[in-house]
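Working notes, structure below.
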Amino acid sequence: MAEDDFVIKFYTPVNEASIGTLMRTVDQRLAAGARRFTVLISTSGGSVFHGLTAYNHLTGIPAHVTPHHIGSVVWIGVALYCAGRQRISVPQARFLMHPVSMNFREAASYEEPKLMELVKSLRVDMENCASVIAANTRQSKKQVLRAMLARM
């Protein structure tokens, strides 16, 4: 491996802390001269917001990013996996997609306008994720959305 190559192990859920660490590491290595990144990915999924942020960050840097799926990549992890021009996957890899979900506090109470706003937000997240995955696969956005909803 050349000096300008760097390997990152991302074996964690997608959340604020893990994506913050990922982006800081990439930025630090870019500043040190890295121009090729291999991101070893195995993730249980997590935050759509943070996953799409990482996808946009990795696709926007002036470096070659190669995601390498080494185990299980769940939901928003699939979008993160799409962040490279070249993608690698081990034969035993598992991809899992599902609809976007939202967690509520135990005693949460919402009136209809707020619930409608939350449903709209979930739909926007699903559409954005489906767009990322469709743009990086041979599937249409409609096919990706159908795959997401197939688990219901």
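The values are calculated or read from the model by the stated rules, or taken from the named source; none is laboratory data. Just so it is clear, the model here is predicted, and its values are computed rather than measured. We place every Cβ from the backbone using ideal geometry, glycine too, and count neighbours over all the protein chains shown. Please note that ligands, DNA and RNA were not included when accessible areas were found on the heavy atoms of the full protein model with its side chains. Shrake-Rupley method; radii C 1.70, N 1.55, O 1.52, S 1.80 Å.
Things worth noting here:
- Residues being without any contact (Cβ under 8 Å) to a residue 40 or more places away in the chain and assigned to a strand (DSSP E or B) - total across the range 1-15: 5
Conditions (1) assigned to a strand (DSSP E or B); (2) surrounded by 13 or more Cβ atoms within 10 Å (Cβ to Cβ), marked per residue:
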| site | (1), (2) |
| --- | --- |
| 17 | no, no |
| 25 | no, yes |
| 38 | yes, yes |
| 50 | no, yes |
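- Residue in the range 76-85 that is open to solvent by 30 Å² or more (accessible area, probe 1.4 Å) and either on the phi > 0 side of the Ramachandran plot or not in a loop (DSSP other than H, G, I, E, B) (or both) present: no
- Any chance residue 85 is modelled with pLDDT under 95, within 20 Å of residue 6 (Cβ to Cβ) and over 14 Å from the mean Cα position of the chain (by Cα): yes
- Of all the numbered requirements in (1) open to solvent by 20 Å² or more (accessible area, probe 1.4 Å); (2) closer than 19 Å to residue 14 by Cα, residue 90 misses one, and that requirement is (2).
- Conditions (1) under 15 Å from the mean Cα position of the chain (by Cα); (2) small (Gly, Ala, Ser); (3) open to solvent by less than 30 Å² (accessible area, probe 1.4 Å); number of the one not met by residue 34: (1)
- Filter result for residue 22 (within 15 Å of residue 73 (Cβ to Cβ) and either modelled with pLDDT under 95 or touching a helix residue (DSSP H, G or I) at 6+ places or on another chain (Cβ under 8 Å) (or both)): yes
- Failed condition for residue 30, given (1) part of a strand (DSSP E or B); (2) over 28 Å from residue 91 (Cα atoms): (1)
- Test: residue 67 is modelled with pLDDT of 95 or more and either of a type in the set (Val, Ile, Thr) or more than 20 Å from residue 129 (Cβ to Cβ) (or both): no
- All positions within the range 1-15 that are open to solvent by 40 Å² or more (accessible area, probe 1.4 Å), touching a Gly at 6+ places or on another chain (Cβ under 6 Å) and within 19 Å of residue 73 (Cβ to Cβ): 13, 15
- Count - residues of the range 11-25 that are β-branched (Val, Ile, Thr) and touching a His at 6+ places or on another chain (Cβ under 7 Å): 2
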